[in-house]
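Asker: My questions all concern the structure below.
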Amino acid sequence: MDSAVGINLSFFQEELKGFVYRRVKDRALTEDIVHDVFIKVQTRIGQLHEQQKLTSWIYQITQNTIVDHFRKESRSLHADDLDWENDVPNFNECVTRCLQDMMGTLPDKYREAIQLADVDNLPQLALAKRLGISYSGAKSRVQRARQMLKEKMDETLIVKTDSYGNVIVCEDRGSCCR
């Protein structure tokens, strides 16, 4: 299991550096924290009982390591001072481009509903009024459109995200990302 984790850790390195840097804004400190995370992961890998939770487990260790660092360095900075919630998910260009391409393949009524609701951020009550359908009809239409997109994405890509919504794996099954 350790050798598999070593391979996965090298895969996580750049993602973790970005995750840490967005919070600490210091390249040298980022390198130190990521190094500490890798040591903790290697020494504690026996504590991980469910391999499918590896990614979230590593990110939890990373988050705790950042907090621990600031606790040691300054008693005036608290974990609450770090901006965890406002971090925008780092969707890679492949996923974004595929979603845009796939939206174009949806039937018109579904494409319009998801465009207005999810891209233009139109509230579903306003969506219902604009489309001339009931509120529950608008909700259903958006949900069906999302489901259609999900099915198309599942056919085209293998996408895995961490617990924060960051894309950590994006493998092309077909022609989407060529």
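Asker: Taking region 99-114 only, how many residues are surrounded by fewer than 15 Cβ atoms within 10 Å (Cβ to Cβ) and in a helix (DSSP H, G or I)?
Answerer: Total satisfying the criteria: 4.
Asker: Taking the options THR156, THR96, name whichever one is among the hydroxyl-bearing types (Ser, Thr, Tyr), modelled with pLDDT under 75 and either assigned by TED's automatic domain parsing to the domain that holds ARG23 or within 21 Å of the chain's Cα centre (by Cα) (or both).
Answerer: THR96
Asker: Tell me, please, whether a residue that is modelled with pLDDT of 85 or more and either assigned by TED's automatic domain parsing to the domain that holds THR161 or assigned to a helix (DSSP H, G or I) (or both) can be found in region 3-17.
Answerer: yes
Here is a yes/no grid of residues against (1) within 18 Å of THR161 (Cβ to Cβ); (2) of a type in the set (S, T, N, Q):
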position: GLU31; (1), (2): no, no
position: ASP36; (1), (2): no, no
position: ARG44; (1), (2): no, no
position: GLU50; (1), (2): yes, no
position: TYR59; (1), (2): yes, no
position: ASN64; (1), (2): no, yes
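Asker: Modelled with pLDDT of 85 or more and surrounded by 13 or more Cβ atoms within 10 Å (Cβ to Cβ): is that true of VAL20 in this structure?
Answerer: yes
The values are calculated or read from the model by the stated rules, or taken from the named source; none is laboratory data. Owing to the predicted nature of the structure, the values given are computational and were not obtained by experimental measurement. Using ideal geometry, Cβ is built from the backbone for each residue, glycine included, and neighbour counts are taken over all protein chains shown.
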